[in-house]
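Report on one structure; see the data block that follows.
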Amino acid sequence: MVTIKNEKEIEIIRQGGKFLAQIMQKLISEIKPGVSTGHLEKMACDLISQVSGRPSFKGCQSKYDSVSYPTALCASINNEVVHSPALPSRELKQGDIIGLDIGMEYPFFSNSADDKSVKRGYYTDMAKTVPVGKISLEAQKLIDVTREALRLGVEQIRPGNTLNSIGKTIENYVRKHKFAVVRELVGHGVGYDVHEDPQVHNYNVAENNKIILKQGMVLAIEPMVNVGGWRIKSSKDGFSFLTADNSLSAHFEQTVLITKNGYEILTDYE
């Protein structure tokens, strides 16, 4: 079921998104050759705690998973598409690209797990792929195209437009630049939970023309783009997804509110 958030809820989500964007900027400022993903994980946990939030990925377990996700931060390097845990720690190298994906519940009430009468917080989610030092022209093009695809997809958001307009716009732009949109993984609703309906495909899906965007929806828009083919495979760690052909992959994500006349990016970091 697609949910509509009220003004009071939106204001809390907006504040959480602002905090999450600030945390992302601080993480990005640390990226350079020699930095470890373990360092980034500790930093993410500390920063989230400082704003009275909770990492929404850490400990998360879907009905399809046998174990809980181990880290607050997804740190996906080069051919890793998404969901690569920041631990065990790995050292970043010159020429790498790294996708940082982070979610937060805000505010977090430490006793809410035991006392069901205590209101839970609200969720935001965001991601950005960044270079590690000097990178190849191909890697930079991939980052630029994926970032722009997200921007163009978000620009389609307004009441009365279809959900499919987002994915169709993203796919058309990516294909024009001879890259491929990942098809097995998609964006989603967000706010009351880490993942909610609807699924937000990053490619043309006729079925999604039936879903009309409405004021008060909150969506996580997140194109994942590969240099090579669109197919992916699971990693041996049980969490990460890799490009099937070992090509580079990039990932950008924003939490976006549908407003009366358009949209508001709640995790704006530019």
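The values are calculated or read from the model by the stated rules, or taken from the named source; none is laboratory data. Just so you know, these numbers come straight off a predicted model, no measurement behind them. Neighbour counts are summed over all protein chains in view; Cβ atoms, including those assigned to glycine, are modelled from backbone coordinates with ideal geometry. Protein only, heavy atoms only, side chains kept; ligands, DNA and RNA dropped before computing areas. Shrake-Rupley method; radii C 1.70, N 1.55, O 1.52, S 1.80 Å.
Determine one quarter of the surface area of the Cα convex hull of the range 35-78, which equals its mean projected area, and express it in nm² to one decimal.
Averaging across all directions leaves 3.9 nm² for the Cα convex hull.
What does the net charge come to around LEU73 if you take all other residues with beta carbon closer than 10 Å to its beta carbon, with K and R at +1 and D and E at -1?
Local charge sum for LEU73: 0.
Only Cα pairs under 8 Å and at least 6 apart count here; give the relative contact order of the chain as a rounded whole percent. Could the numbers behind the result be given before it?
On the way: 685 pairs, mean separation 60.5, N = 270.
Relative contact order, the chain: 22 percent.
Can you give me the accessible area per residue for the range 126-270, using a 1.4 Å probe, in Å²? The partial results should precede the final answer.
Details: 6280 Å² over 145 residues.
Per residue, the range 126-270 has an accessible area of 43 Å².
Select from LYS210, LYS58, LYS32 the residue whose mean-square fluctuation is largest in a Gaussian network model of the chain (Cα-Cα springs shorter than 10 Å).
LYS210
Would you mind pulling out the separation of the Cα centroids of the range 223-247 and the range 123-185, in Å?
16
Using θ = phi - 60° and the Karplus curve 6.51 cos²θ - 1.76 cosθ + 1.60, what whole-Hz ³J(HN,Hα) does each residue of the range 212-228 get, with Gly and Pro shown as x?
Values, residue by residue: 9, 6, 10, 4, x, 5, 10, 10, 9, 9, 8, x, 10, 10, 10, 5, x Hz.
What FRET efficiency comes out for the pair ILE4/GLN94, r = Cβ-Cβ distance, R0 = 45 Å, nearest 0.05? Don't skip to the end; give the middle numbers.
Details: r = 47 Å, r/R0 = 1.04.
Efficiency computed from Cβ-Cβ geometry: 0.45.
I'd like the Karplus ³J(HN,Hα) series for the range 167-177: coefficients 6.51, -1.76, 1.60, θ = phi - 60°, whole numbers in Hz, and an x wherever there's a Gly or Pro.
x, 4, 5, 4, 4, 4, 5, 5, 5, 4, 9
What's the tally of Lys pairs in the range 126-220 whose alpha-carbon atoms lie under 16 angstrom apart, where the two lysines are 8 or more places apart or on different chains?
Details: LYS128/LYS141; LYS141/LYS176; LYS141/LYS178; LYS168/LYS176; LYS168/LYS178; LYS168/LYS210.
Lysine pair count for the range 126-220: 6.
Over the range 1-153, consider all pairs of different Cα atoms and compute the Kirkwood hydrodynamic radius from their mean reciprocal separation; express it in Å, one decimal. Let's see the in-between values first.
Working: mean 1/r = 0.0599 Å⁻¹.
About 16.7 Å for the range 1-153.
For the range 155-270, count the residues as N, evaluate 2.2 N^0.38 Å, and divide the Cα radius of gyration by that value, please.
Normalised Cα radius of gyration, the range 155-270: 1.09.
Which percent of the accessible heavy-atom area of the chain goes to carbon and sulfur, probe 1.4 angstrom? Provide the component values of the computation, followed by the final result.
Numbers: 6250 of 12370 Å².
Here carbon and sulfur together make up 51 percent of the probe-accessible area.
I'd like the accessible area for LYS176: 1.4 Å probe, protein heavy atoms, all chains in place, Å² to the nearest 10.
Number for this one is 130 Å².
Any idea how far apart LYS26 and ARG175 come out in nm if each label point goes 7 Å out from Cα toward Cβ?
So the two model labels end up 4.3 nm from each other.
Rounded, prolate or oblate: which one fits the chain, using the alpha carbon gyration tensor with axes a ≥ b ≥ c (rounded when a/c is under 1.5, else prolate when a/b beats b/c, else oblate)? It would help to have the intermediate numbers written out before the result.
On the way: a/c = 1.60, a/b = 1.08, b/c = 1.48.
Oblate.
Quick check for you: with a 1.4 Å probe and neighbouring chains kept, what is the accessible area per residue of the range 1-89, in Å²?
Accessible area per residue: 49 Å².
Please give the calculated 222 nm ellipticity per residue for the chain, where each DSSP H segment of at least 4 residues contributes -39500 (n - 2.57) and the sum is spread over every residue; nearest 500 deg cm²/dmol? Walk me through the numbers before you get to the answer.
On the way: 4 runs with 68 residues, N = 270.
That calculation yields -8500 deg cm²/dmol at 222 nm.
For TYR69, what accessible area in Å² do you get when you roll a 1.4 Å probe over the heavy atoms of the protein chains, rounding to the nearest 10?
TYR69 has an accessible surface of roughly 30 Å² with all protein chains in place.
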